[in-house]
Amino acid sequence: MEEQDTGRAHWAFLAFFAGLAGYYLATLAFTAATADRFAEVDVSDPPVLGPLLMLVFLPNVLLGLGPAVVSWRRGAGPNRDFGLWPTARDLRVGVAAGGAALLAAWLLGTILLHLNPDPTTAAERIEALSGGRTIWLAAAALFVFLGAPLTEELLVRGALWHALEQYRIPRGVVLALTALVFAFLHDESWRMIGLFAQGLAIGAARMITGRAASSIVAHATNNLLPAVYLYAG
């Protein structure tokens, strides 16, 4: 039994690192391809990218694609391996955990904004490059609400959680480690503490139900207000 569990863990780690590698390689390629084009851009008056804005989300898509592909090829498929199809319990627990994540983000965000009163957020950069309230900004907001929770949870609370579980690591340690990875993924140092707290709240849904669907619902609940703010703010 030990040997079988370790084998399952190996492919789950492979799924995690495949998603992570795809994310950073795509980010590197996108940065290299656009560095010269935007070298002389006035940051106070950025160009309107329109449909090209969606390329910003390509690395995030690859976060979830790696785990999904490896699970299909080496495991039983993402739904059976990670529990992606939400049940009524997943919805209840997910919404509650997402609400807790929002509360943590608001409380800690208020404190962090006092320490760093003028941070440039990812939402502000996306809004500036979209050229205002356009169909592309609406698509970006929809991805923030639904796409990012799916891809990020497939990686962190799907593949990584699944891998760590196979080695019988205590659930509290798994919760903390996945929350830390979740925080680092967002690459926004000024709100790292808030992201870690949100990761704990979202991961709590996964720990309670044993299924990634609940953490996806929690993540989407957490992202609902930022998505609305992105489009309407």
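Quick one: length gained pulling residue 103 to residue 88 fully straight, 0.36 nm per residue minus the C-alpha distance? Don't skip to the end; give the middle numbers.
Values: separation 15, 0.36 × 15 = 5.40 nm, distance 2.29 nm.
Computed gain between residue 103 and residue 88 is 3.1 nm.
Exposure proxy check: 207, 54 ranked by fewest other beta carbons within 10 Å? The partial results should precede the final answer.
Working: 207 19, 54 15.
Lowest to highest Cβ neighbour count: 54, 207.
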* **Pairwise label distance in nanometres, residue 171 with residue 193, each label 7 Å out on the Cα-Cβ vector** => 2.9
* To do: Take the alpha carbon gyration tensor of the range 149-213, find the square roots of its eigenvalues, order them as a ≥ b ≥ c, and report rounded if a/c is under 1.5; if not, report prolate when a/b exceeds b/c, else oblate.
  => prolate
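Which net charge results for the neighbourhood of residue 209, defined as the other residues with beta-carbon distances under 14 angstrom from its beta-carbon, given Lys and Arg at +1 and Asp and Glu at -1?
Its environment carries a net charge of +3.
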* To do: Within 10 Å of each residue's Cβ, count the other Cβ atoms and sort 74, 206, 168 from fewest upward.
  => 168, 74, 206
* **Rounded D (µm²/s) - the range 181-233, Kirkwood Rh over Cα pairs, Stokes-Einstein at 37 °C, 0.692 mPa s** => 278
* Structure fact -> In whole Hz, the Karplus estimates of ³J(HN,Hα) for the range 27-33 (6.51, -1.76, 1.60; θ = phi - 60°; x where Gly or Pro) are 4, 4, 5, 5, 5, 5, 6
* Using the Karplus equation 6.51 cos²θ - 1.76 cosθ + 1.60 (θ = phi - 60°), what ³J(HN,Hα) coupling, rounded to whole Hz, does each residue of the range 64-71 give in order, writing x for Gly and Pro? -> x, 5, x, x, 5, 5, 5, 5
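FYI, it's all coordinate maths here, none of it is from the lab. Predicted model, so just to flag it, every value in this text is computed and none were measured. Here the Cβ is made from the backbone with ideal geometry for all residues, glycine too, and neighbour counts use every protein chain on show.
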